[in-house]
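Undergrad: Dropping a structure here in structure tokens format, bear with me for questions.
Read the figures in this text as sums done on the coordinates, not as results from a lab. Everything quoted here is computed from the prediction, not taken from an experiment. We place every Cβ from the backbone using ideal geometry, glycine too, and count neighbours over all the protein chains shown.
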């Protein structure tokens, strides 16, 4: 927010107020960084996701283009974040969303939690296959939280269990079959 305030020549407080308006009108979702760890320093800056990946594409001037894999992954992560948040609110689930990132760059896209208890760790990938690379963050997370269920969500996937104990699911199967039971 400090960088945005500098670029726009306004105060940080003004930028914060605009972000709050976006959240209060459901145009943006704030996902805080998980900051409770006994062994690691974690990054705690919030992430913001706009309500629709199409709007993000329009703002980034990428409408109608074939997105590169990194951008497509970001948009899919944005889509999944919004869907998880909506399902939590619609079903009145007692859960929150955060993300987990160490100061060394190990990262998990989403943690579902109830208070200080982590219910599940989620990595989101837009590819069609569960490559080993996306599991790096989940492996690092499991070192500190081995009892927490871990999930890899893909656009389409045959449900299966990987060697590391990570459940691979489509995002839709996760929302329908797993999220209500966490």
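Undergrad: How many angstrom lie between the C-alpha centres of the range 46-121 and the range 138-163?
TA: 16
Undergrad: Quote to one decimal, in nm, the extra length available between residue 144 and residue 19 on full extension: 0.36 nm per residue of separation minus the C-alpha distance between them.
TA: On the way: separation 125, 0.36 × 125 = 45.00 nm, distance 3.26 nm.
Going from the current span to full extension adds 41.7 nm.
Undergrad: Counting helices only, and only those DSSP H runs with n ≥ 4, report the 222 nm mean residue ellipticity of the chain as the sum of -39,500 (n - 2.57) divided by its residues, in deg cm²/dmol to the nearest 500.
TA: Value at 222 nm, helices only: -10000 deg cm²/dmol.
Undergrad: For the chain, give me the percentage of DSSP beta bridges that are antiparallel, rounded to the nearest 5 percent. Please report the intermediate quantities before stating the final value.
TA: On the way: 17 of 27 bridges.
Just about 65 percent of them are antiparallel.
Undergrad: Taking a ≥ b ≥ c as the square roots of the eigenvalues of the Cα gyration tensor of the range 1-122, is the shape rounded (a/c under 1.5), prolate (a/b larger than b/c) or oblate?
TA: Working: a/c = 1.42, a/b = 1.22, b/c = 1.16.
The shape class here is rounded.
Undergrad: Compute the relative contact order of the range 32-181 as a whole-number percentage, counting only Cα pairs closer than 8 Å that sit 6 or more residues apart in sequence.
TA: 18
Undergrad: Further, regarding this structure: Kindly identify the range 76-123 as rounded, prolate or oblate by the Cα gyration tensor criterion: order the square roots of the eigenvalues as a ≥ b ≥ c, call it rounded if a/c is under 1.5, otherwise compare a/b with b/c, prolate if a/b is larger, else oblate.
TA: Cα axes put the range 76-123 in the oblate bin.
Undergrad: How would you rank 12-20, 153-161, highest first, on the average number of other Cβ atoms within 10 Å across their residues?
TA: Highest-to-lowest ranking by the protection proxy: 153-161, 12-20.
Undergrad: For the range 26-75, just say rounded, prolate or oblate: build the C-alpha gyration tensor, square-root its eigenvalues into a ≥ b ≥ c, call rounded for a/c under 1.5, and beyond that prolate if a/b exceeds b/c, oblate if not.
TA: Numbers: a/c = 4.63, a/b = 2.08, b/c = 2.23.
Since a/c reaches 1.5 but b/c is at least a/b, the shape of the range 26-75 is classed as oblate.
Undergrad: With a Förster radius of 41 Å, plug the Cβ-Cβ distance of residue 2 and residue 177 into 1/(1 + (r/R0)^6) and report the FRET value to the nearest 0.05. Walk me through the numbers on the way to the answer.
TA: Numbers: r = 42 Å, r/R0 = 1.01.
Efficiency, from the Cβ-Cβ distance: 0.50.
Undergrad: Please find the FRET efficiency linking residue 63 to residue 91, where r is the Cβ-Cβ separation and R0 is fixed at 25 Å, and quote it to the nearest 0.05.
TA: 0.20
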